[in-house]
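Just below is one structure, and these are the notes that go with it.
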Amino acid sequence: MKSQEIRRKFIEYFVKKQHTHIQSSSLVPKNDPTLLFANAGMNQFKDYFTGKMRAPYERAVTVQKCVRAGGKHNDLENVGFTARHHTFFEMLGNFSFGNYFKKDAIIFAWEFLTEVLKIDPKRLYVTVHLSDDEAIELWHREIGIPKDRIFKKDKDNFWEMGEFGPCGPCSEIFYDHGVDFADPNLSGANLHGGDILDDGLRYVEIWNLVFMQYEKRPDGTFNLPSPCIDTGMGLERLAAVMQGKYWNYDTDCFSPLIQKIAELTGKESGDPACVASMRVVADHVRGATMLITDGVMPSNEGRGYVLRRIIRRAVRHLKELGAGPQAILLPQLVPTVFEILGEAYPENKKSAALAQKFLDLEERKFLETLEQGMRFLEERRSQIKDGRFSGEAAFQLYDTYGFPLDLTEVILREKSISVNVEEFEECMKRQQETSRKSWKGNQSSVGQEELYAIVKEHGASEFVGYEKESIESKLLKVIELESEHGGGDNLALVFKATPFYAESGGQIGDQGCIYLGQEKVAEVYDVKKPVEGLIVHYARRLKPLQEGKGYRLEVDQELRELTKRNHSATHLLHKALTLSLGSHVKQAGSFVSPERLRFDFTHFSAMTAEEMKAVQATTNQMIRKQLPVKIEIMGREEAQKRGAVALFGEKYGEKVRVVAMGDFSEELCGGTHVKNTAEIGYLSIVSESALSNGVRRIEAVVSENAIKRFEERSHILEILEGKLNIKVQEIPAYIDSIRNDLRNAEKEKKRLGEQVQQHESESMFTNLEELQSGVKFKAVKVAASAGGDLRRLSDLFVEKNKDGVVLLVVPAEDGKKFSALLRAHKDLLNMKKSIDCAGFLKQVLTAFNGNGGGRKDMAQGSGEILESSSDVQKFINEIRERFRDSL
């Protein structure tokens, strides 16, 4: 049975059992800072289990995208070398929120496995928590499993969400792969010894049923009023069972990828020397593709760093498979990833082109440094004295050559060498302390528990701002905040209903006023949704407010109108960018306020002036066309079929709000918009810049602010006309002429400077000191004001002194630091193998709180003058002695 059919049968079975089919959440958890990636089916239901939110359905079934490659659940190093470890995998799960419990969960699981999938019951075994006699009896009496096939466990069979919260015993179903796969190291073990987990190779867990019946609190453990069910079963493991395979990599979840990798590298997929690397690449390209198409961008921190590690590990294993130095292969595997997944994740498949672009960029970028990094690694490995690879060198591999620590560890482990991880972490800590920037915390000091309690007591806030901008509403809660904005006390206010839009989807929260009768009692300066279902108004109190009273809430209409124009303009801009640059363009973030808009999008190079002009022209053309803006609520699947664009990496409910602007743009959006594009007036792009690798940012203004910008620029042109005494049309040519004159002047200045430098060097490089063995040494202090190009000076030296070494030192004008260049002729290195300019300079600069680097024949660095100007002479003396000792 193919994996696509298993997925379909699972959903169909539980839908027939009155479960609501819920789409997988994004791999990027929403509103859960405790998780790096979604790693289980229950993640998106966490608040239902904890009781913070009430579930809109009592039963649910999902096929959840999961990644375990960072943090607590990190399977990265095992991937490719064991039968069942993966970065990306799919979790089949059924859930009950206070509806059914143990009996039905057990019956459903057994019925699906043995009747729907027709797995031989004799190959299934069960574990339960040692205290859960009820589960034992259910398995024995209801299902008919002999008690000698039910095993009691302690720690492995009790599930906890965290230190506190819902928890409970669990029951795991294991599949017997047969005696051929028994662990040879456990030949004496047998099932009747009481623990099938003793042989984890033969008996493999395929389904975990969690019976959440308790809640752990600081003051003890209590029964939950409504026990819940949370189950999880790995699709890849189940596919192995259904396809008669032991290794998940031999199933149709991976085999087409492995065949494609073999084709691209010219290797045999069954070659024992290649199989592990092929499995690594197959797994990692699946994981990287799904992460990118769920909105994760490669970077050097957080989720982006984990993604980069996955990609670079895949690239390294492609090289192990003999891929050519310039071969870019990962992007070619993306179509196969989606052929395997079928139509399971249409929102990811739509972004396939984006995944290919990012993988191409990352693979090329890593290949540029991979060879250099390997040379550096081998060089530093040859210097090992205590059996451990230097943590400082491992950090340099990370910082300079882009080698994640685990990649360095894997390469060295093959040579039985460990890394000084403590030293690496210390280097990392120093870098983070140097580069750490201040961050601004949430303006609300309200605890989440307090906010959830409001939702539980009063229900969700009702937003009526699409239709109204002023309503009467009951004040449910007043929360005192620390005063930050002056002019009165700061408050957090919760109303039964509100016309105020809460910050979401890049659009800032509304501003406005609150009235009691005709009297203004508060000014709202921001509105947010700190927890699901709750709209909180942050306001300055002007008069006392009382819970339970009715107040009039009025949105600032002028600011709302300006915000609407900017938000609608981002939709037109998004479409225009896609038309001009390609389908890989996806929204990667936005900011919409009354004053301006900011739009972040995926693209891999700076836009040209022509592209900017085309995008702006297309957007303004659609504004002038006076396109009607139509908003509809419809089913998510219907919206997808119509081609409505979803926000990159976002998860939507079964009902979605679709904003269509004529037949030009159609997006899923919860923001406020104009009724006709003509209301926008005009869009003017202010700037286009790089936000991060593969992500660009456009800033623009519309309406009155666009007109204001034109007027300001026009005024500047009028001033230039007057000062330069030329017409506007002549200004560009005039500037080009000035720039050309400046370039010629710079060239002449450089030519004259080189002549002066050559003349000075003739006297500067006299009286060389002979160290020994015919090697000559010259140290020169160069004034900061006349330092010029140190490399050029060193060129002049080595041209005339093939047996010489030169040290050029430039003390800073402030007397606190100095820079240095150390160089030896390459012919000298061939005669004296012990000479190492980079090594000598780096070692000596350490004593001066400095650092340096380079090659054996030339290196540069800088240090600090710690006590007095004589430190520079001490530095020169140290370098001289290093050379003398090496000879």
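Label the stretch 797-887 by shape, choosing from rounded, prolate and oblate, from the square roots a ≥ b ≥ c of the eigenvalues of the Cα gyration tensor; if a/c is under 1.5 it is rounded, and otherwise prolate applies when a/b is larger than b/c, oblate when it is not. Prolate, since a/c reaches 1.5 and a/b exceeds b/c. Per residue, the chain exposes an accessible area of 48 Å² to a 1.4 Å probe, with every protein chain left in place.
A protection proxy built from the mean count of other Cβ atoms within 10 Å ranks the segments 636-644, 389-397, 76-84, most packed first, as 389-397, 76-84, 636-644.
Kirkwood Rh over alpha-carbon pairs of the stretch 672-732, then Stokes-Einstein at 37 °C and 0.692 mPa s: what D in µm² s⁻¹, rounded to an integer? Show your work: numbers first, answer last.
Details: Rh = 14.3 Å.
Result for D is 230 µm²/s.
The C-alpha radius of gyration of the chain, expressed as a fraction of 2.2 N^0.38 Å, stands at 1.16.
Computed in the context of the full set of protein chains, the accessible area of the stretch 218-359 at 1.4 Å probe radius has 48% of its extent on carbon or sulfur. Computed over the stretch 631-715, the convex hull of the alpha-carbon atoms projects to a mean area of 7.4 nm².
On the principal axes of its alpha-carbon atoms, the stretch 279-435 has extents of 55, 37, 23 Å, going from largest to smallest.
Candidate cross-link partners of LYS468 among the aspartates and glutamates, defined by an alpha-carbon separation under 16 Å and a same-chain spacing of 8 or more, comprise ASP510, GLU554, ASP556, GLU558, GLU561. Summarise the accessible area of the stretch 486-639 (1.4 Å probe, protein heavy atoms) by the percent that is carbon and sulfur. Carbon plus sulfur share of accessible area: 45 percent. With q set to 0.12, 0.15, 0.23 Å⁻¹, the log10 of I(q)/I(0) for the stretch 342-419, from the Debye formula over equal scatterers at the Cα positions, is -0.47, -0.61, -0.99. Taking 7 Å steps out from each Cα toward its Cβ at VAL686 and LYS833 produces label points 6.3 nm apart.
With no solvent and one point on each alpha carbon, what is the Debye value of log10 I(q)/I(0) for the stretch 518-597 at q = 0.13, 0.15, 0.20, 0.26 Å⁻¹? Debye output, listed in q order: -0.62, -0.75, -1.03, -1.26.
According to the Cα-based calculation, Rg over Rh for the stretch 494-541 is 0.98, with Rh computed by the Kirkwood formula. Diffusion coefficient (Stokes-Einstein, Kirkwood radius over C-alpha pairs, 4 °C, 1.567 mPa s) for the stretch 635-680: 114 µm²/s, rounded to a whole number.
Each helix, a run of at least 4 DSSP H residues, gives -39500 (n - 2.57); summed and divided by the residues of the chain, these come to -12000 deg cm²/dmol at 222 nm.
Using 0.36 nm per residue, how much length does the chain from GLU422 to SER714 gain when fully extended, once their Cα-Cα distance is taken away?
Working: separation 292, 0.36 × 292 = 105.12 nm, distance 6.00 nm.
Between GLU422 and SER714, full extension yields 99.1 nm more.
At 10 °C and 1.306 mPa s, grab the translational diffusion coefficient of the stretch 191-333 from Stokes-Einstein with a Kirkwood Rh over Cα pairs, rounded to a whole number in µm² per second. Walk me through the numbers on the way to the answer.
Numbers: Rh = 18.5 Å.
This corresponds to a translational diffusion coefficient of 86 µm²/s.
In this calculation the C-beta distance from ASN725 to THR608 is compared with R0 = 30 Å, giving a FRET efficiency of 0.40.
Whenever you get a sec, compute what percent of the accessible area on the stretch 674-727 sits on carbon and sulfur atoms (1.4 Å probe). Walk me through the intermediate numbers first.
Values: 1680 of 3150 Å².
That fraction is 53 percent.
Charge tally for HIS19 (other residues, Cβ to Cβ under 14 Å; Lys, Arg +1; Asp, Glu -1): -2. Taking packing as the residue-averaged number of other Cβ atoms within 10 angstrom, the listed peptides 410-416, 16-22, 333-339 run from highest to lowest as 333-339, 16-22, 410-416. Ordering of 175-181, 551-557 by packing is 551-557, 175-181, highest average first (other Cβ atoms within 10 Å, averaged per residue).
Cβ-Cβ distance of ASP814 and TYR466, R₀ of 56 Å, FRET efficiency by 1/(1 + (r/R0)^6): the value works out to about 0.35.
The values are calculated or read from the model by the stated rules, or taken from the named source; none is laboratory data. These numbers come from a predicted model, not from an experiment. FYI the Cβ positions are ideal-geometry reconstructions off the backbone, even for glycines, and counts take in every protein chain you see. Surface accessibility is based on the protein's heavy atoms, side chains included, excluding ligands, DNA and RNA. Shrake-Rupley method; radii C 1.70, N 1.55, O 1.52, S 1.80 Å.
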